[in-house]
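Shown next, in structure tokens, is the structure this report addresses.
Values quoted throughout were computed directly from the atomic coordinates according to the rules given, and no laboratory measurement underlies them. If you're wondering where the values come from, they're calculated on a predicted model, not measured in any experiment. Here the Cβ positions follow ideal geometry from the backbone for every residue, glycine too, while neighbour counts run over all protein chains shown.
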Amino acid sequence: MVRMKRVQAVVDRRKPEWLKVKLPGGITFSRVKNLVAGGGLHTVCESAHCPNIGECWSRQTATFMLMGDTCTRNCRFCAVPGGPVAPLDADEPRRVAQAVQELGLHYAVITSVTRDDLADGGASHFARTIQEIRRARPSCQVEVLIPDFQGRRDALQTVIDAGPDVLNHNVETVPRLYALARPQADYQRSLHLLKEAHAQGAKTKSGLMVGLGEDSEEVLQVMHDLYRNGCRMLTIGQYLQPSKRHLPVARYVPPKEFDELKRSGLRLGFAHIEAGPLVRSSYHAEQQWAALAKRAPRQSEPVLSRGQPALARDERTIIGR
Ligand code: SF4
């Protein structure tokens, strides 16, 4: 049984041992840093203060963030600042592709800030970036981690038509915490996006954070919702407070609870789950893709209908065991 308690009144907010990471550095790390800076590019690794930056950049992987480093939303968990956004840089897709080629990536993860100011939410910019990477490095798989495009179906279609190998969209947290953590987002809208992409044959992936005040039943329900909307890859990681202005950590979830969540998700039918305190959306993305590719037939399973009961008693038993 996953034992994840609801928010405790008093929380020890000192970081536990399992969240401590080495300071980033080394030749490969510096090479990635110079390449990103030299190309006038942004990465979510830096902008979101990702704790894995030392590990990932030393392995020569990075997640590029398109369309600037400020966001039109103000999610209270996210380190990327909200504020005035820059006009689109039409040459950015080419420069991202060039960086992918120079790094010799076999698997590229591309994300963006949310751009609700743009008519298509930046979907065509995503599409151009996918096309440029295909041109510059045809052997490279491309995963896109996209915003919800405010539910605009044509925008989603633009990205799907560009043919990413994986289409990732994070639900981030349980629906009860949306108003607190991401007030401009909508849980059902995100599920619908994943369902729509899956229905068109896209390989879909999502992610959520724990430690924001959710309980185990809620997390299991989200996993169930994602699965029945066609999602087959999932990341689950610990929420970390980027600054005092952001939501506090409600709880540091111990590694063994992540293991239990992973087991529960695999029993549900997910092809791959990456779960752990330091896991982020793009963490070990290439390995996740490989796991999904091995189990490709499951991706075409029919999506359960919306009208089905949310989490039946027998399913609770299965996933909570
Ligand atoms: S986990 Fe993702 S965001 Fe974090 S450093 Fe690695 S590639 Fe960058």
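Data overview
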read-out: Additional length obtainable on full extension of the chain from Ala37 to Val21, 0.36 nm per residue less Cα span; value: 3.4 nm
read-out: Protection proxy ranking of 155-161, 181-187 - average other beta-carbon atoms within 10 Å, highest first; value: 155-161, 181-187
read-out: Of every Cα-Cα pair in the chain, the percent that sits beyond 30 Å; value: 30 percent
read-out: Residue-count net charge about Cys231 - beta-carbon cut-off 10 Å; Lys, Arg +1, Asp, Glu -1; value: +4
read-out: Net charge of Cβ neighbours under 11 Å - reference Glu102; Lys, Arg +1; Asp, Glu -1; value: +3
read-out: Gln184-Glu217 FRET efficiency (beta carbon distance; Förster radius 25 Å; 0.05 resolution); value: 0.45
read-out: The chain: calculated mean residue ellipticity at 222 nm from DSSP helix runs of at least 4, using -39500 (n - 2.57); value: -11000 deg cm²/dmol
read-out: DSSP-defined beta bridges in the chain - what % are antiparallel, rounded to 5; value: 5 percent
read-out: Residue exposure sequence - Asp117, Asp148 - by fewest surrounding Cβ within 10 Å; value: Asp117, Asp148
read-out: Ordering of 231-240, 213-222, 70-79 by burial proxy (mean other Cβ atoms within 10 Å per residue, highest first); value: 231-240, 213-222, 70-79
